[in-house]
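Written below as structure tokens is the structure these notes are about.
A short reminder: the numbers here are calculations on the coordinates, not readings from a lab. Model, not experiment: these values are computed from the prediction. We place every Cβ from the backbone using ideal geometry, glycine too, and count neighbours over all the protein chains shown.
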Amino acid sequence: MDTTSPIRVIFLITTQPGTACGVGDYTHQLANSLRQAEIEVEVVELPAWTLRTLALLVRVYRSNSDTILHWQYPTLGMGKSPAPAFLPVFFPRRRVFLTLHEFEQFNALRKIYILLFKLFTNSVVFTNEHERKVFHRFFPWRGGDGHIIPIGNNIDVAAFGGVVRRQRLIYFGQIIDGKGLEAFIDVVERLRGRGNSVPCAIIGTVPDAESAIARVVRSAAEAFDITLFEGLPADAVSRELQASSVAFLPFPDGISDRRGSALACLKHGLAVVTCHSHLTPDWLRRTTYGVTDPDGALACIEHLLAEDWPLIPEPEALAEGLAQREWSEIAAAHLRLYHG
């Protein structure tokens with residue numbers, strides 16, 4: 001594709017009304033960044049992937065030679081149809097792209113769908129090196145191809161006057177299973193048992209208000225004086241992050257650079273106490289505090305709240321890591337991909 005020729009980018013996602021989706025948020029943020037680069041962008045929100053959906057896309061976009069179709073996978077409401085895997089059959093291979101988010105978590109059937117896509121094109125994007133390695137372990141005959149473009153921070157640092165950072169411990173992220181919320185609540189309970197009345201808060205979205213974890217969080221908030229901020233808009237989230245000092249994000253599988261909530265906390269200057277694992281890249285090991293058990297987490301958090309330790313262990317490493325994940329850089333990487 002001629003790098004001087006105008007292009008139009010169509011992002012394809014599925015959505016469910018009234019639900020939060022991290023990949024959907026990422027897609028809209030990327031679209032906005034491309035628009036700032038004066039690229040024509042549209043985010044097409046499909047109710048589900050079906051053969052009828054595929055036929056509609058072919059009818060609307062196939063004759064537009066300047067149009068890029070970029071499929072973001074997975075998103076909420078995507079369904080079980082293999083239809084999107086056949087996009088490269090109906091469109092030139094240099095006009096169809098796919099970004100895989102958390103490929104490692106896919107079941108075998110979904111992995112096979114992705115293989116169908118890869119049979120026709122190499123235009124697949126991974127958000128980190130670990131995901132690409134997992135893909136090539138699953139499909140070793142596909143070689144070492146694939147592009148890596150990291151995710152960015154979905155919560156911009158909003159400009160507020162009069163916001164003062166104070167000693168406050170927070171959890172930030174979706175209020176769902178598998179995020180380590182139970183470990184956060186355990187630490188707060190321990191702090192309260194030691195007579196520590198430091199303000200604590202849980203900031204996030206609740207996809208299912210009647211889920212077991214949502215009920216646990218509400219009960220713990222009342223029992224241990226935890227402030228709940230549910231469903232705040234981005235600028236209000238930024239305000240609360242700016243007014244906090246320590247985030248405890250005990251991801252069970254370890255922090256990685258696909259964790260947008262961690263990136264947001266780091267971008268806002270918070271200390272991040274978390275778990276390190278084989279998924280954790282070097283720059284996050286150097287800029288967050290890794291703990292391995294509840295006693296270690298409690299001790300680390302108490303040191304940070306007492307200002308015994310710096311909020312950011314290695315500020316230069318953080319600045320370098322975040323610079324690579326600025327949305328302007330991510331948009332530029334996509335444009336190089338599209339024009340390549």
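Pull up all non-local amide H partners of THR227: gap of 5 or more, or a different chain, and H-to-H distance under 5 Å with H placed in the peptide plane.
CYS200, ALA201, ILE202
For the chain, what does the relative contact order come out to in percent, with C-alpha contacts under 8 Å and a separation of six or more?
16 percent.
With +1 on the Cβ of every Lys and Arg and -1 on the Cβ of every Asp and Glu, and nothing else charged, how large is the dipole of region 117-237 about its Cα centre, in debye rounded to the nearest 20?
Rounded to the nearest 20 debye, it is 420 debye.
From zero up to wherever the largest Cα-Cα distance of region 169-323 sits, split into 10 Å bins and tell me the percent of pairs in each.
Result, from short to long distances: 11, 44, 37, 8, 0 percent.
Summing -39500 (n - 2.57) over the DSSP H runs of n ≥ 4 in the chain and dividing by its residue number, what mean residue ellipticity at 222 nm do you reach, to the nearest 500 deg cm²/dmol?
Calculated mean residue ellipticity at 222 nm is -12000 deg cm²/dmol.
What residues have an amide H closer than 5 Å to that of VAL41, excluding those fewer than 5 places away on the same chain, when H is modeled at 1.01 Å from N in the peptide plane?
The answer is VAL9.
Roughly how big is region 169-323's charge dipole about its Cα centre, with Cβ charges of +1 (Lys, Arg) and -1 (Asp, Glu), in debye to the nearest 20?
Dipole about the Cα centre, nearest 20: 120 debye.
Return the long-range amide H neighbours of THR14 (sequence gap of 5 or more, or a different chain), with a cut-off of under 5 Å between placed amide H atoms.
LEU46, THR75
Running a GNM on the chain with Cα contacts under 10 Å, which residue among ILE255, ILE170, ILE112 ends up with the highest mean-square fluctuation?
Most flexible of the set in this elastic network: ILE112.
In the set (1) 44.0; (2) 17.9; (3) 18.8, which value of mean projected area of the Cα convex hull in nm² was calculated from the structure you see?
The value computed from this structure is option (2).
Could you calculate the FRET efficiency of GLU38 with ARG62 from 1/(1 + (r/R0)^6), where r is the beta carbon distance between them and R0 is 35 Å, rounded to 0.05?
Given R0 = 35 Å and the Cβ-Cβ separation, E is 0.90.
Can you give the % of DSSP beta bridges in the chain that are antiparallel, to the nearest 5?
If I count the DSSP bridges inside the chain, around 0 percent turn out antiparallel.
Where does each of 229-239, 182-192 land if you order them by average Cβ count within 10 Å, highest first?
Highest-to-lowest ranking by the protection proxy: 182-192, 229-239.
For region 1-145, taking Cα atoms only, what is the radius of gyration to one decimal and the Dmax to the nearest whole Å?
That works out to 14.9, 41 Å for Rg and Dmax.
Each residue of region 159-173 in order: what ³J(HN,Hα) in whole Hz does its phi give by Karplus 6.51 cos²θ - 1.76 cosθ + 1.60, θ = phi - 60°, with x for Gly and Pro?
Ordered by residue, 3J(HN,Hα) equals 8, 10, x, x, 7, 10, 6, 10, 5, 8, 9, 10, 10, 9, x Hz.
May I ask you to evaluate 6.51 cos²θ - 1.76 cosθ + 1.60, the Karplus curve with θ = phi - 60°, for each residue of region 244-255 and list the ³J(HN,Hα) values in order in whole Hz, giving x for glycine and proline?
Karplus-based 3J(HN,Hα) across region 244-255 equals 10, 10, 10, 10, 9, 10, x, 4, x, 9, x, 6 Hz.
Between TYR26, TYR73, TYR61, find the one with the highest GNM mean-square fluctuation for the chain; connect C-alpha pairs within less than 10 Å.
Result for the chain, Cα springs under 10 Å: TYR61 fluctuates most.
Hey, what do the phi angles of region 91-97 turn into as Karplus ³J(HN,Hα) couplings, whole Hz, using 6.51/-1.76/1.60 and θ = phi - 60°, x for Gly and Pro?
10, x, 4, 7, 10, 10, 9
When the chain is treated as a GNM, springs tying every alpha-carbon pair under 10 Å, which of GLY180, GLY193, GLY269 comes out with the largest mean-square fluctuation?
GLY193
Expected output is a single nm value to one decimal: the length gained when fully extending between GLU307 and ARG137, i.e. 0.36 nm times separation in residues minus the C-alpha distance. What is it?
Value of the extension gain: 56.8 nm.
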